[in-house]
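Accompanying notes for the structure given below.
Every number in this text was worked out from the coordinates using simple rules, so none of it is lab data. These figures come from a predicted structure and were not determined experimentally. We place every Cβ from the backbone using ideal geometry, glycine too, and count neighbours over all the protein chains shown.
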Amino acid sequence: MLKKLYGIIATMNRATSPIIVLTLIMMVVIMATAAHAQQAPQYLTCTEIVPGVPGSTQSHVIIWLELNNVTTSNGLLYLLDQMYYNPLSPYYHKFITPQEFAEWYSPPSSVVNYITSLASSYGLTVNYTFPMLIEATGTASAVDNFLAALQTAPSTIQQWILSGECIPLGYFTANSKAHSYKPNIVKAPLPQGMTIQYVLQHAVKINGKPAFTVLGQPSQALSSPVEIWFPEGLEFIYDELPLFSSGYTGQGLTIAIVDAFGDINFTAANQYVYQNIACQDLATFDSMFGLPPASCQVIYPTGTPVLTPYNLGTAEGWSYETALDVEYAHTMAPGANILLVISPTAGDDLFVDVEYVVNNSLANFISLSWGAYEDAFYYPPPSYNLLYGYDEIFMQAAAEGIGVFAASGDSGAFDTGWLSYNMPMEPSTLYPASDPWVTGVGGTTLYAVFTPQNYVIRNEFAWDWNSFYQWGSGGGYSFTFPETPGQILIRIAYERTYVYEPDLGVGFYTTGMRGVPDIAADANPFTGVLIVLNGMLVGLIGGTSLATPLSAGMTTTIQSYLGTSFTIGDLAPNLYLLYYYYPSQFYASSTTYPTSEFLTGIPGTMFMNLGGQNGLYWVITGQWNPVDGLGQINVYGLAQLLDGIR
């Protein structure tokens, strides 16, 4: 049946009634999602996660539940499709509250009561009961006893459970078999003989502020020059200054950044004392680059991190990520509030923290610069049910009009994690960028040239796969999730219809699966940025961890321009509709502009990617592709087109 529907859609063109096309697309997505329902529960105990973990270790346990009324004819997926893909629907961009979501889509209360009562009977403290998950805290031995008892629950309870998992606090990253989420940040040294002071002194300036600095060749492995971007230059080159000059800087809106551990004080951390200094580093960053002071708040929904010998190195690595996220989200939306949400582990507490933000309506946009490879969820013991649990969080975010951005990864089209086990790397997308209700963000290489004739040559290519560094823009096709309705509508390209997965020992047919990413922004560390970390300027920094907060910040600035009459929500569906209905206005038409146009505004929703590859797939200029998606946001142009159709 699915193949027949795909075939019908494939024969249609823009002359076909959009309502007929959208109705068929909704049927495809709902049927594909329903095919994954009723999976047997998957459990991961504390001793399976960290073999030999002491029974007294404080641990979290998360029970992932299946939402109710998702695939029915008027269920959650139908509502989301009406909200985002049917401009004639009374529900179009009319979003619901967390209370309405819980009332309409939560599992039966009898299921929640059974699980929470069972947890309490084993001495666990229930922290949260959200529509799709229950989290509790206790010792590792108590958690494992609870999980064993839950597996004997009646079938009327089991049928609502997707997965149950333990997260031992402080031990989680040591020999853990669970999925640990890694920052998509890449660090590279300055060219030999160069210093931070030299970089600052030789910057091209815009409005009296440093914009970018062009340096020499980084190595024989990369033939293009190094071009370091500063906040003023990024705001300029992504066409934000026309909105800024009118007072639209993200004011009144909030960007939530969810990270593990935070930006820690390294000196204190070496004594295993936890101190998060992200907001202090942001204030120093603002002072150095002339940005307005930020409203910066930090919260710890799942607990304050505990530093141990097992996780100290991981925590220090996340400090780079956190500083980058906070500083460059603020760069692109300097008037927005920054809410830094810190998880005590690099595991699924991160998703609980995302749900805390969503369920309490704490942000307009969420930036996630981390992920795990999808293929790993299918390697024995399988844990792919977790992906369906996470997906429910992002469905709730979309239904409430909260836009989520996630990094597509830094290792091209591949899961390179297998190499550390002496196994071959294999194709895989990164989750949560591969989620259908998240805007996946890929990476570019960004150059600008200011000519003597007062023109700007703007060149943005893919962040190419580089076998020497083993990096490049993440992208490809999901193992788990079907095409989004927007991707079906514009008929995304399937550059390879079949790929082989040597570690899983299976072949994978890509046709009809969700394509990643949706958009892209600067990520190549050799066209990267500097950050303030522990009070000091550090660089070069890049990765899709840069592209993601850049994109979240740009969208927040656009939302401040649009005001309250049109809520963007998840950005990607908006872009696919604009591409379908307004093809002639979608891309900026040139790469060369008078300098003045970056101050008055350049037409076109997106800047076009000019070429490149990620090791397995390649850029198709002017079309969606599994390297850089639809291209790069043009802030002024996208704001104008959304304003015209709201």
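The table that follows gives values for the structure above.
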{"quantity": "Alpha-carbon Debye profile of the stretch 53-171, log10 I(q)/I(0) at 0.15, 0.18 Å⁻¹", "calculated": "-0.71, -0.89"}
{"quantity": "Gain in span if fully extended, T304 to S121, counting 0.36 nm per residue against the direct Cα distance", "calculated": "63.3 nm"}
{"quantity": "Where labels lie 7 Å past Cα in the beta-carbon direction, separation of W618 and W104 in nm", "calculated": "4.5"}
{"quantity": "F566-V273 pseudo-label distance in nm [points 7 Å out on the Cα-to-Cβ vector]", "calculated": "5.2"}
{"quantity": "Cα gyration tensor, the stretch 296-335 - rounded (a/c under 1.5), prolate or oblate", "calculated": "oblate"}
{"quantity": "Residues of type aspartates and glutamates that K187 reaches as a straight line, Cα spacing below 12 Å, ignoring anything fewer than 8 places off in the same chain", "calculated": "E321, D410"}
{"quantity": "The stretch 119-200 shape via C-alpha gyration tensor axes, a/c threshold 1.5", "calculated": "prolate"}
{"quantity": "Stretch gain in nm, segment Y128-F266, where the contour uses 0.36 nm per residue and the Cα spacing is subtracted", "calculated": "46.5 nm"}
{"quantity": "For the stretch 200-303: span of alpha carbons on each principal axis (Å, largest first)", "calculated": "44, 43, 22"}
{"quantity": "Debye intensity ratio I(q)/I(0), log10, the chain, q values 0.08 Å⁻¹ (C-alpha model)", "calculated": "-0.53"}
{"quantity": "I490-S89 FRET efficiency (beta carbon distance; Förster radius 22 Å; 0.05 resolution)", "calculated": "0.70"}
{"quantity": "For the stretch 549-643, the Rg and Dmax computed from alpha carbons only, in angstrom", "calculated": "13.7, 43"}
{"quantity": "Theoretical FRET efficiency, 1/(1+(r/R0)^6), r = Cβ-Cβ of Q297 and T97, R0 22 Å, to 0.05", "calculated": "0.45"}
{"quantity": "For the stretch 386-502: rounded, prolate or oblate by the Cα gyration tensor [a/c cutoff 1.5]", "calculated": "oblate"}
{"quantity": "Computed lengthening from A148 to V538, 0.36 nm per intervening residue step minus Cα-Cα distance", "calculated": "135.6 nm"}
{"quantity": "Label point distance in nm, Q158-L200, each placed 7 Å from Cα along Cα→Cβ", "calculated": "6.4"}
{"quantity": "The chain: calculated mean residue ellipticity at 222 nm from DSSP helix runs of at least 4, using -39500 (n - 2.57)", "calculated": "-9500 deg cm²/dmol"}
{"quantity": "FRET efficiency for S590 and N74, using Cβ-Cβ distance with R0 set to 41 Å, rounded to 0.05", "calculated": "0.35"}
{"quantity": "P(r) of the stretch 275-342 over all Cα-Cα pairs, binned every 5 Å from zero, in whole percent", "calculated": "3, 16, 27, 23, 15, 9, 5, 1"}
{"quantity": "Cα-centre dipole for the chain with unit charges at Cβ (Lys and Arg positive, Asp and Glu negative), debye to 20", "calculated": "860"}
